[in-house]
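Engineer: I have a structure here, written as structure tokens, and I will follow up with some questions on it.
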Amino acid sequence: MIFHSFDYLLFLPLVALLYYLVPHRWRWVLLLAASNIFYGSWRIEFLALLWFTTLVDYLAARGMMRVGQGPRRKWLLGISMLCNLGPLCFFKYSALLSGTTFYEMRIGAFSMADVILPLGISFYTFQTLGYTIDVYRGKRAAETHLGIFGVYVMYFPQLLAGPIERPYKLLPQLRVKQVFELRRTAVGCSLILVGYFKKLVIADRLGLMVPPILAAPEAHTPLTVTLASLGALYRYYADLSGYADIAIGSSLIIGIALTKNFNRPFAAVSMGEYWQRWHITVTQWFRDYVYIPIAKSSKVWSRFVATILTTLLISLWHGANSAWLVAGLVAGLLMIAEGAVRRQRKLLGRSTAALAHVGIGERGARFAGRTSNRIVLWLFLLFLGSIVNAPGWEQTFAIWH
């Protein structure tokens, strides 16, 4: 079952109605059953993988609370990471590896590139992994109720496309007795309609117009190719943010607030700010569990390594191919360059003085600076988009030409 299906339009109101009719102490049962039906309606066999992840992390976190500090606690975290990242790498990145020169695996007529990607695996894997890491770090106690934890992992509004919820926000809400509120429901329905508009009207229509142009850029004018490249960027945003709006709106109807996942990313004035506005919960996850642990060293090179590694992982999270890998590397280098420029206070002072010399005051200088920064960012976004949105490198080079 997917959000933009007739089945979901029947499923959501039915679940919401039953949710408010069922006694509070049994609502977790309803949400858990509804989430399993929602996910199992696609491919029921992948429910086993979802439950495997849930049980491993539940038991690993409970084990950490029992053993205290020491090597056994690290072993439990390692088991959790292996059982989470192992299936993710197998299902999502086997096709990437099978297309490289250093990896070849074929058993009869079966190729690793033929592996089916379980829906939502990128989201629920990082959600549960973040939970076990927080328990390991002592930031929260392990959840003792298996059913509540199962709902936390499988909660159907955010199971397939996020946002990636932290345990401190979602788990407490599952224990609060929610009452029906008409205004909250109206806001939720409005968000769902906005999400449908983004997905069905904008993203799907651009999906029909843009790919043929980017597949044969040499057959079109430079203006057409540029507009198609812009359309590809917005198509990707409308698709992802549309699903996020539907998820947040669906959850609001039930009375549970999910985290905002997009905040006008194309209004950013730097690559760093762009990543803070784009897929917010994903970026924050990698910031907290990848960037900060590496960058906390006092050595300058640690921040550079952390930046490059984080942007590479975020890019591979979005797309499992070499084009996304290159785009992530370029984005990381750009963020390092932006940081170096911002630290050049002397250069900034000279540019401000030059603008003042020609009669442009402080407000004008600020406007000129933000405008020029936004233009540079959009040029780089077009550059990165030409890498990840073109069918192959041949088309990418043709777009550049």
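Engineer: Take W28 and tell me if it is over 15 Å from Y124 (Cα atoms), among the aromatic types (F, W, Y), touching a residue at least 12 places away in the same chain (Cβ under 8 Å) and touching a His at 6+ places or on another chain (Cβ under 9 Å).
Structural biologist: Working: over 15 Å from Y124 (Cα atoms): yes; among the aromatic types (F, W, Y): yes; touching a residue at least 12 places away in the same chain (Cβ under 8 Å): yes; touching a His at 6+ places or on another chain (Cβ under 9 Å): yes.
When the stated conditions are applied, W28 passes them.
Engineer: Okay, next question. Against the definition (surrounded by 17 or more Cβ atoms within 10 Å (Cβ to Cβ), in contact with a Pro (Cβ under 8 Å, 6 or more places away or on another chain) and under 20 Å from Q284 (Cα atoms)), how does Y136 come out, yes or no?
Structural biologist: No, not satisfied.
Engineer: Still on this structure: Scanning segment 115-133 for residues that are in a helix (DSSP H, G or I) and in contact with a Phe, Trp or Tyr (Cβ under 7 Å, 6 or more places away or on another chain), which turns out surrounded by the fewest Cβ atoms within 10 Å (Cβ to Cβ)?
Structural biologist: Looking only at segment 115-133, we keep the residues that are in a helix (DSSP H, G or I), and these are 121-133.
Now restrict to residues that are in contact with a Phe, Trp or Tyr (Cβ under 7 Å, 6 or more places away or on another chain): 121-122, 126, 130, 133.
Values: I121: 20, S122: 21, F126: 21, G130: 21, I133: 18.
The selected residue is I133.
Engineer: Also, I was wondering about something else. Taking the options L214, L240, name whichever one is closer than 27 Å to I133 by Cβ, out of contact with any strand residue (DSSP E or B) (no Cβ under 8 Å at 6 or more places or on another chain), surrounded by 17 or more Cβ atoms within 10 Å (Cβ to Cβ) and touching a residue at least 40 places away in the same chain (Cβ under 8 Å).
Structural biologist: Numbers: L214 fails: closer than 27 Å to I133 by Cβ.
From the options L214, L240, the qualifying one is L240.
Engineer: Can you name the number of the only condition in (1) within 30 Å of W28 (Cα to Cα); (2) open to solvent by 30 Å² or more (accessible area, probe 1.4 Å); (3) without any contact (Cβ under 8 Å) to a residue 40 or more places away in the chain that E273 fails?
Structural biologist: Tallying (1) within 30 Å of W28 (Cα to Cα); (2) open to solvent by 30 Å² or more (accessible area, probe 1.4 Å); (3) without any contact (Cβ under 8 Å) to a residue 40 or more places away in the chain, E273 fails exactly one: (1).
Engineer: Can you give me the number of residues within segment 144-188 that are open to solvent by 10 Å² or more (accessible area, probe 1.4 Å), touching a helix residue (DSSP H, G or I) at 6+ places or on another chain (Cβ under 8 Å) and among the acidic types (D, E)?
Structural biologist: Summing the residues that are open to solvent by 10 Å² or more (accessible area, probe 1.4 Å), touching a helix residue (DSSP H, G or I) at 6+ places or on another chain (Cβ under 8 Å) and among the acidic types (D, E) in segment 144-188 gives 0.
Engineer: Do you know which residues across segment 276-301 are surrounded by fewer than 16 Cβ atoms within 10 Å (Cβ to Cβ) and not in a helix (DSSP H, G or I)?
Structural biologist: K296, S297, S298, K299
Engineer: Then there's this: Sort out which residues of segment 23-71 are open to solvent by 40 Å² or more (accessible area, probe 1.4 Å) and not in a helix (DSSP H, G or I), and write them in order of number.
Structural biologist: Matches in segment 23-71: P23, S41, W42, R43, Q69.
Engineer: Right, something else. Is there any pair linking a residue in segment 303-331 that is polar (S, T, N, Q) to one that is outside any helix (DSSP H, G or I), with Cβ under 8 Å and at least six apart or on different chains, and which?
Structural biologist: What qualifies is N321/G99; S322/G99; S322/T100.
Engineer: Looking at segment 284-314, which of its residues are among the polar types (S, T, N, Q) and within 14 Å of the chain's Cα centre (by Cα)? Before the answer, list the steps.
Structural biologist: Residues of segment 284-314 that are among the polar types (S, T, N, Q), as a first pass: 284, 297-298, 302, 307, 310-311.
Correct list: Q284, T310, T311.
Engineer: What's the number of the only condition in (1) open to solvent by 10 Å² or more (accessible area, probe 1.4 Å); (2) touching a Cys at 6+ places or on another chain (Cβ under 7 Å) that G249 fails to meet?
Structural biologist: Against the list (1) open to solvent by 10 Å² or more (accessible area, probe 1.4 Å); (2) touching a Cys at 6+ places or on another chain (Cβ under 7 Å), G249 comes up short only on (1).
Engineer: Hey, another quick one. Where residues in segment 72-93 are in contact with an Asp or Glu (Cβ under 9 Å, 6 or more places away or on another chain) and either of a type in the set (S, T, N, Q) or open to solvent by 40 Å² or more (accessible area, probe 1.4 Å) (or both), which of them is farthest from R140 (Cα to Cα)?
Structural biologist: Here is the first cut: in segment 72-93, the ones in contact with an Asp or Glu (Cβ under 9 Å, 6 or more places away or on another chain) are 80, 83-84.
Retained after the next criterion (residues that are either of a type in the set (S, T, N, Q) or open to solvent by 40 Å² or more (accessible area, probe 1.4 Å) (or both)): 80, 84.
Values: S80: 16, N84: 20 Å.
Taking the candidates together, the pick is N84.
The values are calculated or read from the model by the stated rules, or taken from the named source; none is laboratory data. Just so it is clear, the model here is predicted, and its values are computed rather than measured. Quick reminder, even Gly has a Cβ in these numbers, built from the backbone with ideal geometry, and neighbours come from all protein chains shown. Ligands, DNA and RNA are excluded from the accessible area calculation, which covers all protein heavy atoms including side chains. Shrake-Rupley method; radii C 1.70, N 1.55, O 1.52, S 1.80 Å.
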